[in-house]
Amino acid sequence: MQEQSKLEETVDSIKDYLNTRYELAVLKGSDKVAHAGSNFISYLPIILFTLLTAFMLSFALAFYLNTVFQNQYCGFLIVGGGYFVIGLILILVRKKLLAKPLRNKIIKELFKNHPIN
């Protein structure tokens, strides 16, 4: 009878341990997601203002080029063509210059406090 109670105690202890490990994993995962999400959200205003600045500077450059070439459309075509070329270059080098560093940054962030042996 005493062996059965010890066995039940051991089973209960194992269940408690597994539940605690599960809860700890959920909390750690939640912390990582919250940290990554807060980093992303904190960059949104910076990205927004940078895009707005680039937008306004692009219009200014297009209008300036219009006056230089004395044409209503030439400046906009030149600025648009420049963005098209930049877009093509980014498409060609996206894996090496964009995807890989971003992936590495995410992995580094996820395992920041995790000791890797």
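Among the residues in segment 91-99, are any charged (D, E, K, R), under 30 Å from LEU27 (Cα atoms) and surrounded by 10 or more Cβ atoms within 10 Å (Cβ to Cβ)?
Here is the first cut: in segment 91-99, the ones charged (D, E, K, R) are 94-96.
Within this subset, residues satisfying the condition of being under 30 Å from LEU27 (Cα atoms) are none.
No, every residue in segment 91-99 fails to be charged (D, E, K, R), under 30 Å from LEU27 (Cα atoms) and surrounded by 10 or more Cβ atoms within 10 Å (Cβ to Cβ).
Taking the residues in segment 13-69 that are surrounded by 10 or more Cβ atoms within 10 Å (Cβ to Cβ), β-branched (Val, Ile, Thr) and under 30 Å from LEU110 (Cβ atoms) as candidates, determine which candidate is modelled with the lowest pLDDT.
VAL33
Could you list, in sequence order, all residues of segment 70-84 that are surrounded by 10 or more Cβ atoms within 10 Å (Cβ to Cβ) and not aromatic (Phe, Trp, Tyr)?
ASN71, CYS74, GLY75, LEU77, ILE78, VAL79, GLY80, GLY81, GLY82 - these are the residues of segment 70-84 that are surrounded by 10 or more Cβ atoms within 10 Å (Cβ to Cβ) and not aromatic (Phe, Trp, Tyr).
Quick check on segment 68-82. Is at least one of its residues among the hydroxyl-bearing types (Ser, Thr, Tyr) and in a helix (DSSP H, G or I)? Full working, then the answer.
Residues of segment 68-82 that are among the hydroxyl-bearing types (Ser, Thr, Tyr), as a first pass: 73.
Now narrow it down to the ones that are in a helix (DSSP H, G or I): none.
No, the conditions are met nowhere in segment 68-82.
The values are calculated or read from the model by the stated rules, or taken from the named source; none is laboratory data. Model, not experiment: these values are computed from the prediction. Virtual Cβ from ideal backbone geometry, glycine too; neighbours counted across all protein chains shown.
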